[in-house]
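Below is one structure, written out as structure tokens; the observations come after it.
The values are calculated or read from the model by the stated rules, or taken from the named source; none is laboratory data. This structure is a prediction, so every number in the text was calculated from the model and none was measured. When we count neighbours, we look across all protein chains shown, and the Cβ atoms used for this are built from the backbone with ideal geometry, even at glycine.
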Amino acid sequence: MPDKYTSLEQYLRDLPVSQQEVTLTFELIEQILNEPLPLSAQEDRLWWGNQAQGTIVESIAWMDAGWMVDVVELREKWVRFVRQ
């Protein structure tokens, strides 16, 4: 299961070090993952929580890449990450 989000982690790692934030649409994240986001990601803000350890495997991907979720807009379907 953790491998499911490796491509998102790599995408964030590959961004220029000078870039301090990035906004990704849910659609783009699904393209990066090559599969749909779970329904909970589209309906529950808690799915996007910043947890570096534990059972929330998706957050480990962006946290390990050095990013945190700053803003989630469920209605407009986008998320903004900021560098830690």
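Brief remarks follow.
- Search result, residues across the stretch 29-64 that are in contact with a helix residue (DSSP H, G or I) (Cβ under 9 Å, 6 or more places away or on another chain), free of Cβ contacts under 8 Å to residues at least 12 places away in the same chain and on the phi < 0 side of the Ramachandran plot: P36, L37, P38, S40, L46, W47, Q53, I56, S59
- Extreme residue, modelled with the lowest pLDDT, among residues of the stretch 38-68 that are under 13 Å from F26 (Cβ atoms) and buried (at least 16 other Cβ atoms within 10 Å of the Cβ): E58
- Yes/no for E73 being surrounded by 13 or more Cβ atoms within 10 Å (Cβ to Cβ) and either of a type in the set (K, R) or farther than 16 Å from Y11 by Cα (or both): yes
- Of the helices (runs of 4 or more DSSP H) lying entirely inside the stretch 1-79, the ones with 1 or more residues being more than 10 Å from the chain's Cα centre (by Cα) and hydroxyl-bearing (S, T, Y) are found at 6-13, 39-43.
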